[in-house]
Amino acid sequence: MSAFMSAFASLVGSLADLLQPLFQTASTAAAIILFTALVRLAVHPLSRAAARGQKARSRLQPQIAELRKKHGKNPERMQKAIMELHAAEKVSPLSGCLPSLLQMPAFFLLYHLFSSSSIGGEPNALLSHDLLGAPLGGRWHDALAHGGPFGGQGLVYLGLFVIVAAVATFSYGRTKRQMAAHPMTPAAGPDGQPVPGMGAMAKLIPLLSFFTLITVAVVPLAAALYVVTTTTWTAVERAWLYRDMPVAGGAMATAA
């Protein structure tokens, strides 16, 4: 693990050296953003597959509703029929989870790298790097202790919070409109009845983007940059991949 972290630290350092002529003292922060973009490019094919899967699942909702109505008194037969439908249409219910799962190791690598005082038995030189005066290994509460929310370091976090809030608001509105235009059939348990709590979960899903604000506030600034970059990428990527999937507001606007 130590050798792996040393190699990862060298990678970040090499990217920072590459970007130094352009970004000067912010080159390490720029390297983290570039690293995040490279990770997202690597998982983009999976994001495209997840988008195709979600569109297919939305298209199958009327058929699934019919199967549940037809086999409502035989839960086992109903579940088998739904699985057969998914298999016939080559739709995986789990496809949408893969992009997020594959990004988690990159986030934890950055978190660990900028939370460790030493790497491979040597002092962690990356902790001396900063973004506009805010240490990449520091957290929001450290910035508050050095000038408050509107101090030099606090303003860096304030800028990140503004970006996250704007992206979350955009994602919230789009998700709400998509769910209204393409309501999903509630998940059913083995007895064929809706799973308790799924209705509340469906209402919570559009709000998940706002929880990113908490993450940015508690993790090291380097990891916060990763979160902000990948969250923004996700919002733009989803808007592009689902551009041909009408949302409720868009449908009404077109009709008007």
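The values are calculated or read from the model by the stated rules, or taken from the named source; none is laboratory data. None of these values were measured; they are calculated from a predicted model. Glycine also receives a Cβ, built like all others from the backbone with ideal geometry; neighbour counts cover every protein chain displayed. Surface accessibility is based on the protein's heavy atoms, side chains included, excluding ligands, DNA and RNA. Shrake-Rupley method; radii C 1.70, N 1.55, O 1.52, S 1.80 Å.
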PRO99 fails exactly one of the following numbered conditions: (1) surrounded by 15 or more Cβ atoms within 10 Å (Cβ to Cβ); (2) at pLDDT 75 or above; (3) under 30 Å from ASN124 (Cβ atoms). What is the number of that condition? (2)
Quick check on GLU89: is it modelled with pLDDT of 70 or more, over 22 Å from THR230 (Cβ atoms) and either surrounded by 16 or more Cβ atoms within 10 Å (Cβ to Cβ) or of a type outside the set (A, V, I, L, M, F, W, C) (or both)? no
Answer residue from the stretch 56-78, given it is of a type in the set (Lys, Arg) and open to solvent by less than 60 Å² (accessible area, probe 1.4 Å) and is farthest from VAL227 (Cα to Cα) among those: ARG68
